[in-house]
Amino acid sequence: MGPARTAVMFSADSKETYTLYYPENLLGFCRYDFTKFKNRCLELCEQCEDAGRYYPDKAKSIADGISGCHCFYAHNRDIFGDIALDFMIFCLCGNSNISYEEMRRELVHFENDFEKVMYARLSEYRFGKGINGWELLSLAQEYARKKLGFICSGFASAEESDARRNYFDSVFAAAASDSEHYPDEFASVRFSRMGRLGIKDGEGDPRKRPDPKFDAAAMDIFRKIADDKRLENAPKKGMKAVYPKAMYCPESLFAAIDLELDLLADSGMLLRRCTGCGKFYLYGGGEERCKHCGIKPGAANDPVIKKLARTFAKVQRQVGKNVTEQEFLKWREVYDNMLAGAEQGIANPHELAAFSFMSDRLCDKGGNSH
Ligand SMILES: [Zn+2]
């Protein structure tokens, strides 16, 4: 394993710092499955409709259930606090094929507590006090998948990956300006060096004359800490982890996604999508093999290797389900031998067929019991 790729984040919502692990956070978000969340929301929606009342505690528990989808979600609950309700509204409108505003007007004369709660939420959308958190989350996931897939498809070098990222951003910027927006308006990350009085990043008009009140404030603050015991008694060791150089505070989920891609690019590592098993893996460039299936970039054009890669993906999906970790490790040894043979062009067709049969059996066992 290489060095841990982490960044310190700050949440304007909870006023707390938290750690971003990249690109693991982004990859986890891309493959996050919201099926259980949706089913729980639909169940709750039925209960609310039957009882004519809303259950905020149950809604909160459903929202908590997907805290692991993205660290920004977990630490910015003001945006996503009503996500279960938002999902219900999203579905009810979709089922009746009406807009949020049409639904709001229908609910003006609400007849029960549930309708009242929905009306209040729809009014927040209407008057710019909130947006549908479910739509935001699901669209952001699509954005992350699309962008990552675009950047990582078929590239070989850091330059090309970087160029693809810039190309994607320029398409986004052009679409933004078509709708009379600038990406800076909504996709920004505040960056803080925690009290450092040096360079301020990205904000303010450089032509503006500095305000003397800032110097006055700096003098006052320094007078307060000039004899501060905290400086004398500072720990001699272990400061690095506790007092980071920089903190990032994304102002939106979209900005958090872009930040993670920036950090990854700055780290010199690249994400590559394996042409064999389809999974993303980190690599430093060149002919490095996929960290999952072990296939070399481009090798999956070979039909035998392609079939092995598909078998690999199938078996790996079953790990923790029909296939135990131990079984997988044992299977992996055989797989590695098969792959080595295929790469040298000496794979035996009978052995390959037997391997394929054995792999299918491994995946399907227990499949009949449910
Ligand atoms: Zn792979």
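The values are calculated or read from the model by the stated rules, or taken from the named source; none is laboratory data. Computed from a prediction, not measured in an experiment: that's the story for all the values here. Quick reminder, even Gly has a Cβ in these numbers, built from the backbone with ideal geometry, and neighbours come from all protein chains shown.
Residue-wise test of (1) at pLDDT below 80; (2) in the same structural domain as residue 258 (by TED's automatic domain parsing); (3) of a type outside the set (Phe, Trp, Tyr).
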| residue | (1), (2), (3) |
| --- | --- |
| 165 | no, yes, yes |
| 168 | no, yes, no |
| 173 | no, yes, yes |
| 178 | no, yes, yes |
| 181 | yes, yes, yes |
| 188 | yes, yes, yes |
| 191 | yes, yes, no |
| 194 | yes, yes, yes |
| 200 | yes, yes, yes |
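Within the stretch 128-140, at least one residue is basic (Lys, Arg), farther than 16 Å from residue 34 by Cα and not in a helix (DSSP H, G or I).
Return yes when residue 332 is without any contact (Cβ under 8 Å) to a residue 12 or more places away in the chain, basic (Lys, Arg) and within 16 Å of the ligand (Cβ to nearest atom) and no when it is not. The answer is yes for residue 332. For the stretch 260-309, filtering for residues that are closer than 30 Å to residue 361 by Cβ and either touching a residue at least 24 places away in the same chain (Cβ under 8 Å) or within 10 Å of the ligand (Cβ to nearest atom) (or both) leaves 27.
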